[in-house]
Amino acid sequence: MKKRILLFLSIIVFVFCSHAKTIAISYFDNSSGDAKYNALSKGIADMLITDLSKIKGVTIVEREKLEKLIQEIKLGQSKYFDPATAQKLGKGLGAQNILTGSFYLVDNTIRIDARLIDVQTGGIVVAEQVTGNKNNFFDLHQQLANLLAKNLNVPYNPDLSGLYKPNEEVSLTAVVNYSNAIELQDEGMSSDAKQLLEKTIKANPKFHFAQNKLDELKEWLKKVELQREQLIAEELKNTINTLDATSDKFGMQLSTVWSTLLTSYKYKQLLSFNNSLRKMKLDEKKKLYGEASPITLGEMMLYYDCTALATLKKYDEVIDVSKAFITAYPTSLYFSGIKMHLEQAIKELEKKENGKKGIEIKLSSESLDAYLNYLNKLEWKSNLQFVDEKEYKRYAQLYKANVLNINREVLAAWDESGKFNEFTEFFDVAIHFNDTKTMEEIVKVCKQLFTETDDQDRVFRLENKLEDFKISSLENEEKIKELEAVSKKGTKEELEKIIRSLYSKEKFNRSDLLIAICDRYIKDFKPSNENESGLQLDAWDALISNTAKSKSLDDAKKLAETFKSKADDFKINKVSYDKKIREINQDINGLQNDYVNYQKYLKNNDPMVGVLENYAKIYNENHQYTEESTTRKQLIDLFKLDEDKESLQLFLLSMSYYNLGYFENVKKTADQLKGKYPTSPYTESVNSLTTYMPQ
């Protein structure tokens, strides 16, 4: 009987385990176009993983495993919402389902979209969306967790997790800080992650997600520090065992150790060596080099401590050690050196603190500069000729969201001499697309922002330009109606009239009508004299060029080949025909080059690259090296940069890590640069950097 009961229980356990779900939660895509929210990608996922891991009957894959897999397969963070990518991640993590999502912020509202993917089939099991106030993030999180639990058919009660309670609020800023701390920890900057979490918790004491993360991080740092100390202690053990404090050679033995550690750039080991000496309870007043020498053991240990800490860029500790040295040894031969380290440490900390002042305005002005550098390329005819209505709407939205939304402070901080002209170049692009509403918005914003006398004159002229456009638009509407009528039912004479004035009609931006008119004329009428032959040549020219601009170059090339086969139609005008063939070939080659440049610098180029480049520059100039390194890492990880840009960013990232004193990260980044771009102009620089930096 007892055996039967045990067998029955075993079957129950087996059935339960075989039906237990393993769920992976991937990072969420930032669809907002604002780089300062990028870290939320990890933050949202981490909070869901932490919360849902407490649900019974379901296994949630740890975020660390997801991060490791992403690093292994080198997956860009801009693809998580794609079901195929989610399926790939889910299989790699051994999950039956994977939750992927994206978030979008506008004004005070945040929307989170989520999809639950069946890893086996790649199908979408369920798609959900939650929307709410960005400053009540717990509410959004709870909604999303409830929806997921419901679709998994598992019980969920947020009270049981102890992470938050109903009606508790946490701002989006706090969640962004929490997310940035996760990013810092992933990049090996655990000390900075710890400081950011402590700051976040101080401002948001009920943010238990952050408190739990901080506790985990502190525990991890303790273990790492313990392991590090054990290794260092083992290395120094033999050296310390050979020291004899009673020997006349004791001072020289110590000098040999200190010199060896200094010349090998092992500053961390030097600090550990001095700590080991202190644990030996030696008399710090002991004269090291005989009674005639005033130099004592305590004096030299503090001196070498200060030298090592200054090199390791631990400026807070430099100040403490320097003060201790100056107090204890005011007449020391090493006083000047210690004073120099102290002054340098104070200067560096002041730079870092002063750099924080007004930096948000500087960043916003650099964002404005980056977007205008990107969008103002549209005004070039070589680019504008390829922009269709759909693409224009995207560019217009970028302009409105990232240019027209600025305030006077940002405009004042923007370092650009011709501000008004740069700011309003998009006005002419809007004219090209008959976008009166956008032109009106530009004028309205300019009236609010540009209030200086000279600028007011410019605003007045822009307003007049808008009024002139509205008047001419009424006339153009009539002419466009004429084009539409001719394209459908126009007589030969009407078609010829339009073809004679083709280029004056380009301003109406109706390539579709010009294509239809030229196509009708070519198909319906054969040239019977030299004049008609000339009109046919012009019609072919316009048909091919407008097709290239409004449809595709491939279609234009096919039409050009068809035109080349029509030589018999132009026997009466062979010289003009041959000339037109050469012109069309030249035009297509020129358009091909223009289109490649349009794709490179606009269509396939993400303006966020320029924004992040500018952000990193501002962070560097203001000595905010933690933020600089994070931004440069995002540039490298999130975007497909060309060789010149990526090698530059890798070099600058290694310099940023150096400024932070993260020397292991310097070496890793330098190795990445040399491995990927061995002939880079920055290779020699990073070689020098890693050769002479602290080990």
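The values are calculated or read from the model by the stated rules, or taken from the named source; none is laboratory data. Computed from a prediction, not measured in an experiment: that's the story for all the values here. Because the Cβ atoms are built from the backbone with ideal geometry, glycine has one as well, and the counts that use them run over all protein chains shown.
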Out of the residues in the stretch 384-401 that are aliphatic (A, V, I, L, M) and over 18 Å from Asn597 (Cβ atoms), which is farthest from the chain's Cα centre (by Cα)?
Ala396
Any chance you could count how many residues in the stretch 89-136 are touching a Lys or Arg at 6+ places or on another chain (Cβ under 7 Å) and surrounded by fewer than 21 Cβ atoms within 10 Å (Cβ to Cβ)?
10
Residues that are in contact with a His (Cβ under 6 Å, 6 or more places away or on another chain): which helices (runs of 4 or more DSSP H) entirely in the stretch 297-391 hold 3 or more of them?
335-355
Considering only residues of the stretch 284-300 that are acidic (Asp, Glu) and modelled with pLDDT of 90 or more, which is nearest to Thr260 (Cα to Cα)?
Glu299
Could you tell me whether any residue of the stretch 673-695 is outside the structural domain of Asn376 (by TED's automatic domain parsing), under 24 Å from Ala39 (Cβ atoms) and surrounded by fewer than 22 Cβ atoms within 10 Å (Cβ to Cβ)?
no
I need every pair where a residue in the stretch 447-470 that is over 23 Å from Asn434 (Cβ atoms) has its Cβ under 6 Å from the Cβ of a residue that is among the aliphatic types (A, V, I, L, M) and assigned to a helix (DSSP H, G or I), sequence separation at least 6 or different chains.
Leu449/Leu411; Phe450/Val459
Residues satisfying the stated conditions in the stretch 257-283, i.e. at pLDDT below 85 and of a type in the set (Val, Ile, Thr)
Thr260, Thr263
Which pairs turn up if I take residues in the stretch 260-278 that are within 17 Å of Val321 (Cα to Cα) and look for partners that are of a type in the set (S, T, N, Q) with beta carbon separation below 7 Å, at least 6 apart in sequence or on another chain?
Tyr267/Thr311
With the requirement that a residue be in contact with a helix residue (DSSP H, G or I) (Cβ under 7 Å, 6 or more places away or on another chain) and either outside any helix (DSSP H, G or I) or at pLDDT 75 or above (or both), what does the stretch 221-253 give you?
Leu221, Leu243, Asp244
Considering residues of the stretch 630-667 that are of a type in the set (D, E, K, R) and in contact (Cβ under 8 Å) with a residue 60 or more places away in the chain only, the residue surrounded by the most Cβ atoms within 10 Å (Cβ to Cβ)
Lys633
Would you point out the residue of the stretch 152-169, among those that are surrounded by 16 or more Cβ atoms within 10 Å (Cβ to Cβ) and closer than 26 Å to Trp220 by Cα, that is modelled with the lowest pLDDT?
Ser161
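Out of the stretch 282-292, which residues are over 14 Å from Lys249 (Cβ atoms) and touching a strand residue (DSSP E or B) at 6+ places or on another chain (Cβ under 7 Å)?
Glu284, Lys285
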The residue that is farthest from Leu384 (Cα to Cα), considering only those in the stretch 546-575 that are of a type in the set (S, T, N, Q) and part of a helix (DSSP H, G or I), is Asn573
